[in-house]
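Here's the structure, in structure tokens; my notes come after.
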Amino acid sequence: MPANLISKKDMKDLAEQAAGRSESKGDPRVKEVTERLLYRLMQVIDECDVSMDEFWAAVGFIAKTARNNEFGLMVPGLALEHFLDLRLDEAERRAGIDGGTMRTIEGPLYVAGAPLSKGEARMDDGTDPGEIFFISGRVTGEGGTPIPGAIVDIWHANSKGGYSFIDGEQAPFNLRRRIETDAQGRYLARTIVPNGYGCPPQSATREILTLLGRHAERPAHVHYFISAPGYRQLTTQFNFTGDKYLHTDFAFGTRDELIVTLERVNDPEEIRKAGLNRPFARATFDVVLVQDKAGAPATNVQREHVIAG
């Protein structure tokens with residue numbers, strides 16, 4: 001069947017009708033977005049000469065993604081979550097906000113309600129044989145002024161790449177903590193070095209990435225939400241130098257400004273001072289928050305999360 005069988009005018013008219021543009025009832029914003037989506041989809045179908053079989057295979061693929069509750073994985077895998085971050089970066093610049101620690105994707109695996117501690121916390125429950133890891137840092141404003149009482153919400157995978165509440169193997173809130181910064185804006189987390197993870201073998205996300213000739217692996221990373229009154233909430237993460245997938249993260253989460261060096265500590269005196277009897281790792285991740293500004297786009301995103309149960 002040849003391409004370009006339908007005129008643009010006919011496609012636009014059909015999209016407008018399907019979106020209820022001539023109807024007085026309904027939500028105007030939903031109508032606007034629906035019309036544009038339908039029109040562009042019709043254009044792609046016509047221009048690429050998408051067959052009936054291909055179209056219904058795509059519908060089945062979307063249904064599979066929904067059955068697997070995979071849209072939170074699919075969206076970053078197709079660069080859409082990173083695209084949203086890029087748009088927010090530019091929107092902030094146009095609003096006169098330019099500075100602070102770089103944002104990056106939240107990902108699909110956040111769980112609200114992690115235990116809250118003051119100043120420092122141990123994140124692991126001691127059952128994972130992974131490498132002991134200390135993360136330290138300060139939360140400050142753009143001028144370097146410490147922000148006491150900031151909430152540093154941290155979560156990451158275990159040494160096998162699994163997340164509590166997701167893999168069914170870990171205790172609730174393992175490797176998930178909220179830490180309130182001290183009077184100098186400092187926080188300290190004792191945890192274990194995380195591993196990266198890949199999409200499940202039978203997942204829709206891995207299926208589409210394979211068809212695109214891409215891998216479905218993430219480098220090791222540590223996620224953050226950081227918030228404080230009067231400041232813009234920051235969603236970010238850090239990655240580690242030398243990771244195999246550092247610059248090919250399937251979720252497009254790596255940003256050069258957010259890569260840290262993992263220091264391996266073998267000195268007996270340093271081990272003793274840390275209260276340990278074996279080598280450990282440590283890294284520093286300082287965070288700079290930007291003061292909120294009237295009229296600036298929101299950074300506290302409302303989205304569905306895994307429910308702690």
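The values are calculated or read from the model by the stated rules, or taken from the named source; none is laboratory data. Please read these numbers as outputs of a predicted model, since none were measured by experiment. All Cβ positions, even for glycine, are placed from backbone atoms using ideal geometry, and neighbour counts span all protein chains on display.
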Revision key, fill the gap. Within the stretch 2-54, residues being in contact (Cβ under 8 Å) with a residue 24 or more places away in the chain and assigned to a loop (DSSP other than H, G, I, E, B) number 8
Check your understanding: Looking at L84, L88, which one is under 23 Å from H215 (Cβ atoms), assigned by TED's automatic domain parsing to the domain that holds G144 and surrounded by 12 or more Cβ atoms within 10 Å (Cβ to Cβ)?
Key -> L84
Review point. Scanning for something touching a residue at least 60 places away in the same chain (Cβ under 8 Å), touching a helix residue (DSSP H, G or I) at 6+ places or on another chain (Cβ under 8 Å) and in a strand (DSSP E or B), does the stretch 232-245 turn up at least one residue?
Key: yes
Exercise for review: Kindly list the number of the only condition in (1) touching a residue at least 24 places away in the same chain (Cβ under 8 Å); (2) within 28 Å of D249 (Cβ to Cβ) that fails for F83.
Suggested key: (1)
Review point. What pairs can you find where one residue is in the stretch 152-179 and polar (S, T, N, Q), the other is in a strand (DSSP E or B), and their Cβ atoms are less than 8 Å apart, with a gap of 6+ or different chains?
Key: N158/I192; S159/I192; S164/V111; S164/R176
Exercise for review: Output yes when any residue across the stretch 137-151 is buried (at least 21 other Cβ atoms within 10 Å of the Cβ) and within 17 Å of the chain's Cα centre (by Cα), and no when none is.
Suggested key: no
Exercise for review: State which residue is surrounded by the most Cβ atoms within 10 Å (Cβ to Cβ) when the search covers only the stretch 99-120 and only residues that are touching a helix residue (DSSP H, G or I) at 6+ places or on another chain (Cβ under 7 Å) and over 18 Å from Y197 (Cα atoms).
Suggested key: R103
